[in-house]
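Following: one structure in structure tokens, then a few remarks.
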Amino acid sequence: MPSFASDPEAALKNYWKLGYHIETGIWEEEQLDEIIQASQDFPSFKDGTYAPLMQPHRSDSVFLAALRNPNIVKIMEQLCSGQVSGLQSEFFYGKPGTPGFTEHQDNSFLEAKPDSFASAWTAMQDVTADMGALVGYLGSHREPVLPIVKVESHDQSLSQDPNANHEEVVLPSDYESLPLTMPRGSVLFIHSHFVHSSGGNT
């Protein structure tokens with residue numbers, strides 16, 4: 001996959017073709033360690049539930065600095081064609097046994113102009129398919145915001161977002177799915193309409 005660091009034109013072209021982009025070399029090892037250490041100061045780590053952290057940048061300077069990572073901001077500005085604002089931060093512990101997300105589009109919840117919004121997801125350690133890697137549906141970003149249906153889920157866990165698998169988008173069946181395995185420190189950039197899910201951490 002082309003890199004924004006060495007060939008931004010090719011990387012941007014590939015993003016628009018697939019609906020996602022994975023960039024390595026975004027983070028220093030010390031930065032990742034600092035974020036992980038900061039995550040251990042939150043109640044959901046201390047009480048052993050490992051519930052995801054929602055908006056940790058609002059209360060912790062380490063997460064605020066992470067949201068402002070200049071390498072991520074620079075790529076986001078290219079993906080969104082202009083100045084960007086960080087809307088949300090999340091941190092997932094993903095302990096063994098954590099269930100995954102059903103298929104969804106991030107813009108189903110935000111309702112922004114499709115090409116003005118993207119998401120960035122950092123792998124805090126090497127992430128493989130059996131560890132709950134994201135699954136992408138290649139080219140699905142060309143779809144509009146798709147209909148959503150409720151699904152019955154018995155796969156509940158305090159260590160996952162409670163809304164992770166209560167509903168899913170109705171995706172046409174002709175899209176190829178691909179596990180988006182990632183090395184530690186890489187960042188997955190996702191178009192706002194790109195349909196993605198994740199597996200459980202087995």
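At a threshold of 8 angstrom on Cα-Cα distance, excluding pairs fewer than six apart, so keeping six or more, what relative contact order does segment 43-156 reach in percent? Please report the intermediate quantities before stating the final value.
Working: 69 pairs, mean separation 28.6, N = 114.
The value is 25 percent.
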### For PRO179, net neighbour charge (Lys/Arg +1, Asp/Glu -1) across residues whose Cβ lies under 15 Å away
-4
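Got a number for carbon plus sulfur as a percent of the chain's accessible area, 1.4 Å probe? It would help to have the intermediate numbers written out before the result.
On the way: 5620 of 10930 Å².
Ligands and nucleic acids excluded, carbon and sulfur reach 51 percent.
How much net charge surrounds TRP121 when only the other residues with a Cβ under 12 Å from the Cβ of TRP121 are counted, with Lys and Arg +1 and Asp and Glu -1? Can you show the working numbers first?
Values: positive: none; negative: GLU23, GLU90, ASP106.
Local charge sum for TRP121: -3.
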#### Entry: Reciprocal mean inverse distance between Cα atoms of segment 75-154 - Kirkwood radius, Å
15.2
### Query
Which whole-number percentage describes the relative contact order of the chain, with Cα contacts under 8 Å and a sequence gap of 6 or more?
32
### Task
Mind checking segment 58-153 for GluC sites (Glu not before Pro) that DSSP puts in a loop (not H, G, I, E or B) and that have at most 14 other Cβ atoms within 10 Å?
GLU111, GLU152
### Task
For segment 9-49, state which GluC sites (Glu not before Pro) are in a DSSP loop and have at most 11 other beta carbons lying within 10 Å of their beta carbon.
GLU28
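Over the residues of segment 1-47, compute the C-alpha Rg and express it relative to 2.2 N^0.38 Å. Before the final figure, lay out the partial values.
Details: Rg = 16.2 Å, N = 47, 2.2 N^0.38 = 9.5 Å.
Ratio of Cα Rg to 2.2 N^0.38 Å: 1.71.
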### Query
What is the spin-label model distance, in nm, from GLU29 to LYS13 if the labels are put 7 Å beyond Cα along the C-beta direction?
3.6
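For segment 120-202, what Kirkwood radius comes out of the mean inverse Cα-Cα distance, in Å?
Hydrodynamic radius (Kirkwood, Cα only) of segment 120-202 equals 14.0 Å.
If each DSSP helix of 4+ residues adds -39,500 (n - 2.57) and the sum is divided by the residues in the chain, what number results at 222 nm, nearest 500 deg cm²/dmol? Don't skip to the end; give the middle numbers.
On the way: 6 runs with 47 residues, N = 202.
Result for the chain, helices only: -6000 deg cm²/dmol.
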### Query
Taking the structure as given and computing P(r) over Cα pairs in 5 Å bins from 0, in percent, which label from [x] 1, 7, 15, 19, 22, 19, 11, 5, 1, 0; [y] 1, 7, 16, 18, 18, 16, 12, 7, 3, 1, 0; [z] 1, 7, 14, 17, 16, 14, 10, 8, 6, 4, 2, 1, 0, 0 fits?
[x]
### Inter-part distance where segment 134-202 and segment 62-78 are each reduced to a Cα centre, Å
23
### Summary
In nanometres, the difference between 0.36 nm per residue of separation and the alpha-carbon distance of ARG58 and SER173 is 37.4 nm
### Query
Among residues other than GLY86 whose Cβ falls under 15 Å from its Cβ, what is the net charge (Lys/Arg +1, Asp/Glu -1)?
-1
## Note on the structure
Which of THR181, THR49, THR98 fluctuates most in a GNM of the chain (C-alpha springs under 10 Å)? That residue is THR49
### Query
Each label point is 7 Å from the Cα along the Cα-to-Cβ direction; what then is the distance between the points at ALA65 and HIS166, in nm?
3.6
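The values are calculated or read from the model by the stated rules, or taken from the named source; none is laboratory data. Predicted model only: the values in this text are computed from it and were never measured. Positions of Cβ are backbone-derived with ideal geometry, glycine not excepted, and every protein chain shown enters the neighbour counts. Only protein heavy atoms, including side chains, enter the accessible area calculation; ligands, DNA and RNA are left aside. Shrake-Rupley method; radii C 1.70, N 1.55, O 1.52, S 1.80 Å.
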